[in-house]
Structure formats: structure tokens, C-alpha cells
There are 2 protein chains.
Amino acid sequence: MAGDGGLQSVRRAFAILDAVAAGGDAGTGVTAIAAATGLAESTAHRIAATLVSLGALRRLPDRRYALASRLIWLGAAAASASIDRAVPVLTRLVETLGESANLAVLSGDRAEYVAQIPSPHSMRMFTEVGRRAELNCTGVGKAMLSALPDDRIEAIIARTGLPQKTEHSISEPDALWAEIAAARARGWVLDEQEQELGMRCIAAPIAGPAGDVYAVSVSGPLTRITDALIERAVPLLTGAAEEIAGLLDGSRPPRNRPD
Amino acid sequence: MAGDGGLQSVRRAFAILDAVAAGGDAGTGVTAIAAATGLAESTAHRIAATLVSLGALRRLPDRRYALASRLIWLGAAAASASIDRAVPVLTRLVETLGESANLAVLSGDRAEYVAQIPSPHSMRMFTEVGRRAELNCTGVGKAMLSALPDDRIEAIIARTGLPQKTEHSISEPDALWAEIAAARARGWVLDEQEQELGMRCIAAPIAGPAGDVYAVSVSGPLTRITDALIERAVPLLTGAAEEIAGLLDGSRPPRNRPD
DNA sequence: CGGCAATCTTCCGTATTGTGGAAATCTTCT
DNA sequence: AGAAGATTTCCACAATACGGAAGATTGCCG
């Protein structure tokens, strides 16, 4: 093996998958892939073609590449064990705080809820797992943004804009950047009725070892997610984030990034 | 490139990921990986080590390998676009039949619900997306089993047994194999209160181009999922399976496999 | 429609990377 | 402690992957 990284061509294949994932849902051309990975265009083309034949990438009509279904399947298989291991952590959050706990993953330009332990209260925030949500107006979305490099955030905002779910949703880029800065400083974010009127949510980001990004959150109605509960919940939440990070391949919460 | 498959080492890396995915949640050793892929043990070891350094595999304390979180992330990113494209198909099913429609993926040894369009009826089957379910006693599970090679089915059964959710759940391997044979013959399966008392579900398998397996289903309470509705729904369901297969990288429904 | 620029695709000589057999090491069981 | 099986390391070498160059395609503009 040349160095500690193992097989060069396998590493390059994953770099190409990352570049395509970062390129957004409209697809990524060979020139952009080559630029993002530092590979020659013909090399990038050949590896991308291999990934297409393997079902990990697909070709769009305009010759761009997008992620494909073999990754869905492998991801689901990988998630089977990892999320199962996160469930007890979420469960303890719920038992301690009495509110719903969620785990989300950054999925394209949106947040996808991948696990939820519901609150025992009859009135609770109802989040369908598998549902995708905007990044700018959800706790988990803002938490995950805070774990991304600035240029990645800019690319996402350029593609998605800042969709409005309620009158409280963040509608100005400056306000979102301020939220991100605050999240980076204190390690958690608050969704103050931005996703849904009457609902409040706190969330903490989790960074995986390879650029994968998640968030864990606690959510419920405004009447119960008081400032006192938030104060009590934050250390538990950030502790849960750390614990889940450890379960997801020994990763750690993100360091602050003063880009 | 040697042949049409592209880079040999990238193909081998994915073959190793498949072998680890097929090996179950307890992990897979180098010798088993080498046997499953036909590679030399030292080659398999080196590629697996590369995948560990990339975050696609992780090492267990007993030196076995398991799928890791980079695949969750890539899978979620890939799912972002693919499932979005399947949602209109599910929606049309619901609008036509008036019952909930679901999309599930084979996730480890279980079925994971990845999308759901709920029925407009106030009493409906409530399936939390992201929830995992047993393969032997769910429509989507049995449908997906029917799309797998027999030896893969045997390995799954050996690991999971045949868990019982209701008194109707399939508890004998012979009965499950008969269900699988029937599913292969007609292209869809029926869950007759096996997952939940009072609930009925029909499901059709979808095979991806690279061994990835999904199922689309229509479900509801016994009182509404009548034989007449099933008769009416089956061609719509299998048509939806075909359509979703086409959206998931041009794949087609599985051919019968008379192993 | 033609021209142009940008992007994509193919080809090929070659050197670098990946290979697999053999040996060494580790782990588990009796 | 010994044996057997599994895992890991090493290294010579050949086969695979590489990238530059040339050719092909696409989209835009006048």
C-alpha cells in the first residue's frame, strides 16, 4: 500500500462520490468532479463510469452524474446497525426530559429524520421519520449547517434559497449565518416556531469521520419547552450528541470552524 | 480499462461492501469476505482496510468488519433524489385506491420503510417511516425476500428466525418458502394480518440494478382491503413497482428465479 | 446555420499501483 | 502449552490505472 490511505483508486472513487454528493440534486459534470477531486478529467471520467456500472452513480441525460440506488441500499444496510445503536441514547433523552427525541442526517440539501422516540405526552411534535425538512428553518437543519464548511453552506443556500415554513422562519442569509455562528460557539441551536407554529426544538450537530453530518434534537410544544427545560436539556442533548458520535464510528462533535 | 467493468479495484471494493452487507449485523471476517468475493485473503484485507480508513467499513473488536456511517450519509444523499421521484407514484396509488402506500428498502436483515403516503381515511395503517420490520411477517418483507437468491434467504432466516408479530405470522420455513414461490410466480404478496391484527397489505418487489431490493405496498384495515379491492389494486401496484424501478436507475421488476 | 468555446470521451504508452503467495503473527480452543 | 484457524505483513513483479493528447459532442451566440 502506498501510504496509510490504502488503495489509491478506491480512495479516489469515494472522493468522486463525495464530489457528486456535494454537487446537489441537479447532477455534477466530469469537469466539476475533476476540479473538486484534483484528478485528471479522463481519470475522473473512467472512475465515474465504473461507479455507474456498479450502480453507485447514474448518468443524467445532460451527461452529468448523480448518486444512485446502490448507495441507498448500502446506506440502509449500514443504517440498520448504527441507528439501532443510537435508539437507546434517544430513549434515555425522552425518559429524562419527557419530550420527543429525533436523529436526522444531512440528505442532499435537506435534513432527513432517521429515528424518533416519541414523547409520552399526548400532544407532541409529530415528525414522520423519513420525512425531509428544510435546513434553514429546523433545529436539526441549522445544527447540521453549523457543521459544514462555509462554501458548502453557500452552495446549499444558492440552490435551496431560504424556504419559509412559518412567519418565524429565517428569511435573510445574514440571520442564518448569525444562527450558524451562534451554533458553532455554543454547540446547539434553537428552533423557535420556525418549522411549525407552537413548536420548539433544540438540536446539536454530530460530525461523522468522513464528512457525514447528523443532528440529534429534542422537540415539543412551546408550552412545555420552556427556557428552564432548555437550560436543563442542553447538557443532556450535547452529551447525547457526543455519545451518538462515538457510536457512529468513534466520531466526535464538530470543532468550531472560524472560517 | 480492462473490460467493460471499469476499474477492477473499485469493483472489488464494492464487492466487499456487498459481502459485508450480506454477512449480517454481527460482522464479517476477512476469510469470509475472501470466500464471498473470490479474492485472495491478503487482497481482501487490504481493500477492507482502505474502506475502514474511508469510513465505509468499521472494525469490530473481534476483528470482523461491519458497514459504517459514511455509507449512511452517501445513502441518504442518494435517497434524497430517488425517493422524491417515487413519491408521485405512491401518491397516485393513494388517490386511485384510497389506501396508504409505502416504499420499503431491504436494510440488513429487515425491511425499512422509506416513504409513505397516508390514506385519507381517518382509520388507517400507521407506519412510521424509518421503522424497521421483520421480513417474514410483512408484505414488503416477503416481497423483498422473493427477489433474493435462495442462499441469501436461507442466511437471513438462519440469523433472524421467523419472529411472530401476530397469530397469523408465518412461523414455519416451509410456509415462508411457499409464500416466496407464490410471490415469484405472480409478482406480488399478501400480508393477511401477519404484521398487525386487523390489517391487510399487498406488496410488490422492486429489484435495483445492483442487487438492491425494495418493495412498494398498499395497506389498510381488513374491512376496506377486500378481495375486490385487491383484485383491482394488483395491476396498479405492480405497475407502480415497474414505474418506480424505472425511476431507480432504469431497473426492472425481478425475473422469477427457479433456483 | 456556422463558428466557437467548453465539456466530454477515447486512446495509448508506460510507470505506478495493486496483486497474491508465502511467511509471520494473533486468537481461540482443548 | 500446543494446534488450528484466522488475520496481518511483506515483497517481487506484472497488470492495472494513469494522464496527456486528440477527437467528439453540446450549447450558445451572432
task: Could you pull the copy-to-copy label distances for residue B:151, with points set 7 Å along Cα to Cβ, in nm to one decimal and sorted shortest first?
output: 4.7
task: Work out the FRET efficiency for residue A:232 and residue B:25 from their Cβ-Cβ distance, taking R0 = 22 Å, and round it to the nearest 0.05.
output: 0.05
message: Just to be sure I understand: chains A and B are related by a rotation, so which residue of A has its Cβ closest to that axis, and how close in Å?
response: A:75, 1
query: What length, rounded to one decimal in nm, is gained on full extension from residue B:167 through to residue B:91, with 0.36 nm per residue of separation minus their alpha-carbon distance?
result: 24.2 nm
query: To one decimal place, what orientation-averaged projected area in nm² is obtained for the convex hull of the Cα set of segment A:30-70?
result: 2.7 nm²
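Ranked highest first by average number of other Cβ atoms within 10 Å, how do A:217-227, B:174-184, B:158-168 line up?
Details: A:217-227: 19.0, B:174-184: 16.5, B:158-168: 13.5.
The densest-packed peptide leads the list: A:217-227, B:174-184, B:158-168.
Under 8 Å for C-alpha pairs, at least 6 residues apart: give me the relative contact order for chain A, rounded to a whole percent. List each step's numbers first, then the result.
Details: 443 pairs, mean separation 39.3, N = 259.
Relative contact order of chain A: 15 percent.
When only C-alpha pairs under 8 Å and at least 6 residues apart count, what is the relative contact order of segment B:8-67, in percent?
On the way: 63 pairs, mean separation 23.1, N = 60.
Over segment B:8-67, the number comes to 38 percent.
Normalise the Cα radius of gyration of the protein assembly as shown by 2.2 N^0.38 Å (N = residues in it) and let me know the number. Present the calculation step by step, with values, prior to reporting the outcome.
On the way: Rg = 22.4 Å, N = 518, 2.2 N^0.38 = 23.7 Å.
Relative to the 2.2 N^0.38 Å estimate, the protein assembly as shown comes out at 0.95.
Just checking the output field for B:23-33: average partner chain Cβ neighbours within 10 Å of each residue's Cβ? Could the numbers behind the result be given before it?
Details: counts 0, 3, 5, 1, 1, 0, 0, 0, 0, 0, 0.
Mean partner-chain Cβ count within 10 Å for B:23-33: 1.
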- prompt: Label-to-label distances across copies for residue A:35, with labels 7 Å out along Cα→Cβ, in nm, shortest first?
  reply: 5.0
- prompt: If each of residue A:223 and residue B:84 carries a label point 7 Å out from its Cα toward its Cβ, how far apart are those two points in nm?
  reply: 3.7 nm
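Express in nm, to one decimal, how much length is gained between residue A:35 and residue A:185 on full extension, taking 0.36 nm for each residue of separation and deducting their alpha carbon distance.
Working: separation 150, 0.36 × 150 = 54.00 nm, distance 3.21 nm.
Working it through step by step, the gained length comes to 50.8 nm.
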- line: Here the whole-number average of other chain Cβ atoms within 10 Å per Cβ of B:146-155 is 0
task: Calculate how steeply helix A:69-97 sits against the longest principal axis of the alpha-carbon atoms of chain A, using the helix alpha-carbon long axis, and give the answer as 0 to 90 degrees to the nearest 10.
output: 20 degrees
- line: With one decimal in nm and the nearest listed first, the spacings from residue B:164 to its own position in the other copies, using label points 7 Å along Cα-to-Cβ, are 5.7
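Values in this text are rule-based calculations from the coordinates and carry no lab data. Quick caveat, the model's predicted, so the values are computed rather than measured. Glycine also receives a Cβ, built like all others from the backbone with ideal geometry; neighbour counts cover every protein chain displayed.
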